[in-house]
Amino acid sequence: AVDAALLAGVLMRTAEQPNASDVVNYAPFTLLPSAVPRALFEQACAVQQDFNLLVDAVSQNKEFLEQTLASTIKVDDFTARLFRIYMQVLEEGLAQTVFLGINRSDYMFDCGLDGTAALRQIEINTIAASFGGLTSRTADVHRLVLKVLGKTEEASQLLPNNPAKGLALGIAKAWELYGSQRAVVMFLVEEIQRNIFDQRCVENELWNRNIRVVRKRFRDVFEQGSLDASRRLYMDGQEVAVVYYREGYVPQIYDEQSWEARLLLERSRAVKCPDIATQLAGTKKVQQELSRPGTLEQLLPGHPQAIARIRATFAGLYSLDEGEEGDRIAATAIADPDRFVLKPQREGGGNNLYGEELREVLEKIKDSPERTSYILMDKIKPQPALNYLLRAHSPLQVSECVSELGIFGVYVRQGRELVLNQAAGHLLRTKAVEHADGGVAAGVAVLDTPFLV
């Protein structure tokens, strides 16, 4: 299995040499594909275009973003800084006319008391949604493993899956609509690039279409980036058509230069994926607000079927804003912490609080405005299954595991017209039950392939 993963290019750089490709290892994965209820998988795929519509609608609704984030930006400095850039760019007038969204909606399968499973959305990632590349290659590994085990029939049932191609299609469409053959696509990347091969899968799809790609960091943008009179973005004298963020979602990476670079990018005509409004649309506070009765109707008028499909995936989400409702829900969670998850406005995994830790934090902040920087969500209880999690230099042991299904979505809008809206493939990540939170990049979950049952 490990050799098959290395052959297929399911690769990551090592922790010891995160910026060197001369020593690499396989990205962690499950030995066997995991069972996923077919009906729930199909439900998740079917609702993705609706979520694309919704994220796009939220990103264009200034009043909604202002009202929803008003309490959060008072106490959460990171969201506040993003919001300030958003307002500044709007006041100046948007130079950008083409908009590209690449998101990933993540779900778990909530097991009811009667044993039936339901699809429940965990979150929607609107910036730097990763593993579309590596997951395009993982199914081949599982196909081979099943054949070696004599399960040829089961091997033939694994779905084809190529999110890298779907993501590249969206980037290519945005590049084409930008309208300059000479312009490049810029991947905005981290200082530490362990997950480079995942990005290279998407990048190579673009090279195959003869679209030039450059890789730059925030500090490169600060040092080399400039705008001309019509706010075209230039890096090193090259015009940039599309900025694809694989960085920029955690506060730790921003120093003053990075914030200046971010403002420069947002002011430019280049197609940002995402633009700052779409990043704000992915905050946990917005997610919680969307679950309030009437909110979806306000954002998607004339789309009752889409609204019904979206709402069917929501878990219970609760506001901790100051006031009677927030006081009541905080008290409920302190009394019964195992029912809930406490979520800050952060992406990238490993940020959520559970159980005793949730109770301690809420006890500490329950009477302070700081609590409005979190939301509460019902804790989802999936049915565990046994699997082997293959990680470099780790003992081989069977683990009780739970899985999380992500569906990639891609949309492109020119002015007011949506010219592309589709689901672009799936990602299954699996982790041992003792880990409450965290994804593959955080070193907790591993790559998996759904086996539909």
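The values are calculated or read from the model by the stated rules, or taken from the named source; none is laboratory data. Everything quoted here is computed from the prediction, not taken from an experiment. Because the Cβ atoms are built from the backbone with ideal geometry, glycine has one as well, and the counts that use them run over all protein chains shown. Surface areas here come from the heavy atoms of the whole protein model, side chains and all, with no ligands, DNA or RNA. Shrake-Rupley method; radii C 1.70, N 1.55, O 1.52, S 1.80 Å.
Odds and ends about this structure:
Okay, residues lined up against (1) under 29 Å from Asp448 (Cβ atoms); (2) touching a residue at least 12 places away in the same chain (Cβ under 8 Å):
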| site | (1), (2) |
| --- | --- |
| Leu317 | yes, yes |
| Leu320 | no, yes |
| Ile329 | no, yes |
| Gly355 | yes, yes |
| Lys364 | no, no |
| Arg371 | no, yes |
| Ile375 | yes, yes |
| Pro382 | yes, yes |
| Ala385 | yes, yes |
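- Residue match in the stretch 81-93 (condition: open to solvent by 20 Å² or more (accessible area, probe 1.4 Å) and not in a helix (DSSP H, G or I)): yes
- Members of the stretch 120-136 that are in contact with a Pro (Cβ under 6 Å, 6 or more places away or on another chain) and either modelled with pLDDT under 95 or among the aliphatic types (A, V, I, L, M) (or both): Ile127
- Qualifying residue in the stretch 240-252 (condition: farther than 29 Å from Phe78 by Cα and of a type in the set (S, T, N, Q)): no
- Being assigned by the TED database to the domain that holds Ala277, of a type outside the set (Asp, Glu) and in contact with a helix residue (DSSP H, G or I) (Cβ under 8 Å, 6 or more places away or on another chain) holds for only one residue in Ile365, Ile310, Ile334, Ile375, and it is Ile310.
- Within the stretch 15-52, the set of residues being exposed (fewer than 15 other Cβ atoms within 10 Å of the Cβ) and either outside the structural domain of Glu400 (by the TED database) or part of a loop (DSSP other than H, G, I, E, B) (or both) comprises Ala15, Glu16, Gln17, Asn19, Ala20, Ser21, Asp22, Val23.
Here is a yes/no grid of residues against (1) assigned by the TED database to the domain that holds Arg413; (2) touching a helix residue (DSSP H, G or I) at 6+ places or on another chain (Cβ under 8 Å); (3) open to solvent by less than 60 Å² (accessible area, probe 1.4 Å):
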{"residue": "Val202", "(1), (2), (3)": "yes, yes, yes"}
{"residue": "Leu206", "(1), (2), (3)": "yes, yes, yes"}
{"residue": "Arg219", "(1), (2), (3)": "yes, yes, no"}
{"residue": "Leu233", "(1), (2), (3)": "yes, yes, yes"}
{"residue": "Gly237", "(1), (2), (3)": "yes, no, no"}
{"residue": "Tyr244", "(1), (2), (3)": "yes, yes, yes"}
{"residue": "Gly248", "(1), (2), (3)": "yes, yes, yes"}
{"residue": "Pro251", "(1), (2), (3)": "yes, yes, yes"}
{"residue": "Glu256", "(1), (2), (3)": "yes, no, no"}
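- Test: residue in the stretch 214-226 that is touching a residue at least 60 places away in the same chain (Cβ under 8 Å) and in contact with a strand residue (DSSP E or B) (Cβ under 7 Å, 6 or more places away or on another chain): no
- In the stretch 143-171, the residues that are more than 13 Å from Gly133 (Cα to Cα) form Cβ pairs under 8 Å with partners that are of a type in the set (Phe, Trp, Tyr), at six or more places apart or across chains, as follows: Glu154/Phe451; Gln157/Phe451; Leu158/Phe451; Gly170/Tyr411; Ile171/Tyr244.
- Given (1) buried (at least 16 other Cβ atoms within 10 Å of the Cβ); (2) among the hydroxyl-bearing types (Ser, Thr, Tyr); (3) more than 30 Å from Leu177 (Cα to Cα), index of the condition Ser59 fails: (3)
- Failed item, numbered, when Ser319 is tested on (1) open to solvent by 20 Å² or more (accessible area, probe 1.4 Å); (2) modelled with pLDDT under 95; (3) more than 30 Å from Arg219 (Cβ to Cβ): (1)
- Residues located in the stretch 146-182, provided they are assigned to a loop (DSSP other than H, G, I, E, B) and surrounded by fewer than 21 Cβ atoms within 10 Å (Cβ to Cβ): Leu149, Gly150, Lys151, Gln157, Leu158, Leu159, Pro160, Asn162, Gly179, Ser180, Gln181, Arg182
- Selection of the stretch 110-145 for residues being part of a helix (DSSP H, G or I) and open to solvent by 40 Å² or more (accessible area, probe 1.4 Å) yields Arg137, Asp140, Arg143, Leu144.
- Within the stretch 39-75, if we keep just the residues that are within 20 Å of the chain's Cα centre (by Cα) and among the charged types (D, E, K, R), the residue that is farthest from Thr97 (Cα to Cα) turns out to be Glu42.
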